[in-house]
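> Input: one structure, supplied below.
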Amino acid sequence: MDGGKVFSRRAIFNLVLLVALHAFRILPQLTSASRAASRPHGNTTCNTILTSGSIMKVILTGCTGFTGGEVLEQCIQHPSITSVVVLSRRQLPASVASNPKVQVVIMDDFLSYNDDTLRAIEGADACIWSLGKPGMAGAMDNATVKKVHVDYPMATARAITEQRKAAAAPNHKFRFICLTGLCVTRDQNKPLWIMQDYLRIRGQVENELLAHAKENSSFFESYIFRPAFILPKQSTWKSMFLQLAPSVRVDALGKLMVETALNGYKADTWEHSDIVEAAKKIQA
Ligand SMILES: NC(=O)c1ccc[n+]([C@@H]2O[C@H](COP(=O)([O-])OP(=O)(O)OC[C@H]3O[C@@H](n4cnc5c(N)ncnc54)[C@H](OP(=O)(O)O)[C@@H]3O)[C@@H](O)[C@H]2O)c1
């Protein structure tokens with residue numbers, strides 16, 4: 001849950017890159033292409049935000065990290081969320097893990113779901129997926145990036161779906177919220193100026209999750225969040241510097257992700273501009 005990670009040298013490099021992309025008018029082209037991929041969510045019955053849905057059990061990932069840690073805190077505090085199952089490769093701080101709402105499942109392998117894990121997630125209503133390393137482009141080989149960002153979330157989505165199909169009342173909608181990022185591309189053939197393989201791999205999980213939702217539309221919905229920089233709650237000189245680039249505060253983003261898990265959203269994708277607009281309403 002270390003917000004300081006955002007301010008790594010890689011983050012500063014990315015900021016300079018973003019400013020340069022703005023200057024050369026590359027970023028607007030990338031984001032408008034991304035926006036074209038977003039479509040209304042046909043199966044969503046509620047398109048308002050910031051209202052409380054019914055009582056829920058939520059699966060979370062990435063909770064030892066910056067964004068997932070914030071989402072976990074908000075789920076613990078939310079009165080409509082009664083139970084939180086955290087899938088993690090390592091233990092959470094005792095202060096969080098000991099909360100009566102929280103059950104931590106230590107995962108040796110995010111690709112396979114044993115009986116204990118399946119029992120833990122049984123009856124869940126939503127999953128908020130914040131697992132993943134920002135700035136993996138160039139730092140890891142494509143096979144690892146794909147395993148973490150595509151294979152892990154899809155294995156979870158499929159395990160949930162199989163469980164739903166076997167359940168007595170599978171028509172109750174499950175919502176899968178997935179955090180990707182700005183400039184991700186769903187077009188797997190489109191040449192990109194920068195980070196082509198990385199942005200395509202991140203787009204691949206969006207494609208697969210949305211296709212999965214379409215195939216299982218009676219009981220499964222997918223929502224994608226594509227924020228640019230995520231800022232910590234406390235303002236520092238570093239966060240003020242990062243605000244020069246497109247950015248959103250982690251608490252506002254977390255709130256939108258939790259509310260989408262509870263109530264759905266009018267479209268299957270939250271572009272960065274949608275996130276910023278809604279965040280303004282929260283903070284107003
Ligand atoms: N931070 C930003 O400004 C930003 C902006 C846009 C999009 N995003 C996206 O948001 C997501 C979360 O970012 P973040 O800044 O919150 O990251 P973070 O603080 O580094 O947290 C990453 C989380 O993912 C887990 N994780 C990473 N690799 C894993 C692996 N191989 N196996 C199991 N767990 C793994 C980490 O677990 P451990 O603690 O065990 O390592 C941690 O819980 C990423 O997909 C990132 O690309 C971030």
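The values are calculated or read from the model by the stated rules, or taken from the named source; none is laboratory data. As the structure is a computational prediction, the values presented were derived from the model and not from experiment. Cβ: placed from backbone, ideal geometry, glycine included. Neighbour counts: every protein chain shown.
> Can G181 be described as at pLDDT 95 or above, within 13 Å of the ligand (Cβ to nearest atom), small (G, A, S) and part of a helix (DSSP H, G or I)?
The answer is no for G181.
> Would you confirm whether any residue within region 249-266 is assigned to a loop (DSSP other than H, G, I, E, B), among the polar types (S, T, N, Q) and either in contact (Cβ under 8 Å) with a residue 12 or more places away in the chain or within 13 Å of the ligand (Cβ to nearest atom) (or both)?
Within region 249-266 (the criterion being assigned to a loop (DSSP other than H, G, I, E, B), among the polar types (S, T, N, Q) and either in contact (Cβ under 8 Å) with a residue 12 or more places away in the chain or within 13 Å of the ligand (Cβ to nearest atom) (or both)), the answer is no, since none of the residues qualifies.
> On to the next question. Here are some residues: R164, R158. Which one is part of a helix (DSSP H, G or I), at pLDDT below 95 and away from the ligand (no atom under 14 Å from the Cβ)?
One residue alone meets the criteria, R164.
> How many residues, within region 239-248, are within 13 Å of the ligand (Cβ to nearest atom) and of a type in the set (A, V, I, L, M)?
Counting residues in region 239-248 that are within 13 Å of the ligand (Cβ to nearest atom) and of a type in the set (A, V, I, L, M) gives 3.
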